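Everything below concerns the one structure shown next.
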Amino acid sequence: MSKQLILGSSSIYRRTLLERLRIPFEWVSPEIDETRLDNESINEFVQRLAYEKALAVSRQLPSSQKEVVIIGSDQAATFEGQILGKPRNFKNAFKQLSSFSGNTVTFMTALCVLDNHTKTFDLNISENKVTFRKLREEEITNYLTIEKPFDCAGSFKCEGFGIALFEKITGDDPNALIGLPLIKLCTALRKVGLNPLNTQSL
C-alpha cells in the first residue's frame, strides 16, 4: 500500500510549493493554539508549532488510517529581536518596510515530517536572512499598492515582486522564505519512502 501525504496547513503558499514535488497530497488545517510560551526561544517556538501542527492532523485521522505521512511547518520573521506579525493593512506594512530599509530580517522556518504509522518524526529548521536595499518612500508605496502583501509576515512576497526590495538573500533554501523548505522536505520524505523522483506522476 502506498503512503498518503497530508500537508497540515491551510496556507496557499505552502500548498503551491508542495505541488512542485509532484506527489499527490491532501491538506488539512491543523487548528492549534499558536501562542508563544514564556521564555521560549524563536527556534523552539517554530519547531514546537511545526510538530504540534503535524500531531494535530494525526489526531484527526481515524485509527485505521496508518499509512500516512504528515507535514507540519511554521515560520517566524524576526527583526531587532522581535517577532514580526502580519501587517494586515497598508499602514502597518509601510511601517515595517520602512524600518527594514538598509537592514536585515531573519526568517526561521521549521519543518516536521511525521510518519503516522510509527509516530516517528523528522524535525529541523532553516534560517534565511533577507537584506533590504535602501528604500525610498515612493518605492515602498508603489510596491505595496501593486502586490498588497498584507497577509505576509515581513510585508513582502519574495516569490513575487518583493524580490525588487532586496539587496541579497542568504540561507540554505530560498523556498523556506515562502513557508516550506523543499530541500529538507525532500530529504525527510525519502526517509519515509516518498521519493519525489520515484512517483507515478512524473
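The values are calculated or read from the model by the stated rules, or taken from the named source; none is laboratory data. Nothing here was measured: the structure is a model prediction, and the numbers come from that model. Neighbour counts run over all protein chains shown; Cβ positions are idealised from the backbone, glycine included.
Kindly indicate whether Pro30 is outside any helix (DSSP H, G or I), more than 18 Å from Phe107 (Cα to Cα) and touching a helix residue (DSSP H, G or I) at 6+ places or on another chain (Cβ under 6 Å).
yes
Please pick out the residue among Val46, Val69, Val57 that is under 24 Å from Lys157 (Cα atoms) and either of a type in the set (Val, Ile, Thr) or touching a Ser or Thr at 6+ places or on another chain (Cβ under 9 Å) (or both). Steps first, please.
Values: Val69 fails: under 24 Å from Lys157 (Cα atoms); Val57 fails: under 24 Å from Lys157 (Cα atoms).
Result: Val46 is the single residue among Val46, Val69, Val57 that is under 24 Å from Lys157 (Cα atoms) and either of a type in the set (Val, Ile, Thr) or touching a Ser or Thr at 6+ places or on another chain (Cβ under 9 Å) (or both).
Which of the numbered conditions does Ser73 fail, given that it passes all the others? Conditions: (1) of a type in the set (Gly, Ala, Ser); (2) surrounded by 19 or more Cβ atoms within 10 Å (Cβ to Cβ); (3) over 14 Å from the mean Cα position of the chain (by Cα).
(3)
Quick one: which of Phe94, Phe45, Phe25 is hydrophobic (A, V, I, L, M, F, W, C) and within 23 Å of Lys148 (Cα to Cα)?
Phe94
For region 150-172, name all the residues that are without any contact (Cβ under 8 Å) to a residue 60 or more places away in the chain and either closer than 15 Å to Leu111 by Cα or over 15 Å from the mean Cα position of the chain (by Cα) (or both).
At the first step, the residues of region 150-172 found to be without any contact (Cβ under 8 Å) to a residue 60 or more places away in the chain are 156-158, 160-164, 166-170, 172.
Residues satisfying the conditions are Gly160, Phe161, Gly162, Ile163, Ala164, Phe166, Glu167, Lys168, Ile169, Thr170, Asp172.
From the list Lys129, Lys148, pick out the single residue that is within 26 Å of Leu49 (Cα to Cα), modelled with pLDDT of 95 or more and surrounded by fewer than 19 Cβ atoms within 10 Å (Cβ to Cβ).
Lys129
Looking only at region 44-56, count every residue that is under 12 Å from Ser73 (Cβ atoms), touching a residue at least 24 places away in the same chain (Cβ under 8 Å) and not small (Gly, Ala, Ser) and tell me the total.
5
So, Leu135, is that one more than 29 Å from Leu55 (Cα to Cα), touching a helix residue (DSSP H, G or I) at 6+ places or on another chain (Cβ under 7 Å), modelled with pLDDT of 95 or more and surrounded by fewer than 22 Cβ atoms within 10 Å (Cβ to Cβ) or not? Working first, answer last.
Details: more than 29 Å from Leu55 (Cα to Cα): yes; touching a helix residue (DSSP H, G or I) at 6+ places or on another chain (Cβ under 7 Å): yes; modelled with pLDDT of 95 or more: yes; surrounded by fewer than 22 Cβ atoms within 10 Å (Cβ to Cβ): yes.
It is true that Leu135 is more than 29 Å from Leu55 (Cα to Cα), touching a helix residue (DSSP H, G or I) at 6+ places or on another chain (Cβ under 7 Å), modelled with pLDDT of 95 or more and surrounded by fewer than 22 Cβ atoms within 10 Å (Cβ to Cβ).
Yes/no matrix, rows are residues, columns are (1) closer than 18 Å to Pro62 by Cβ; (2) in contact (Cβ under 8 Å) with a residue 40 or more places away in the chain:
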{"site": "Leu5", "(1), (2)": "yes, yes"}
{"site": "Ser10", "(1), (2)": "no, no"}
{"site": "Tyr13", "(1), (2)": "no, yes"}
{"site": "Leu17", "(1), (2)": "no, yes"}
{"site": "Arg22", "(1), (2)": "no, yes"}
{"site": "Val28", "(1), (2)": "yes, no"}
{"site": "Glu31", "(1), (2)": "yes, no"}
{"site": "Asp38", "(1), (2)": "no, no"}
{"site": "Ile42", "(1), (2)": "no, yes"}
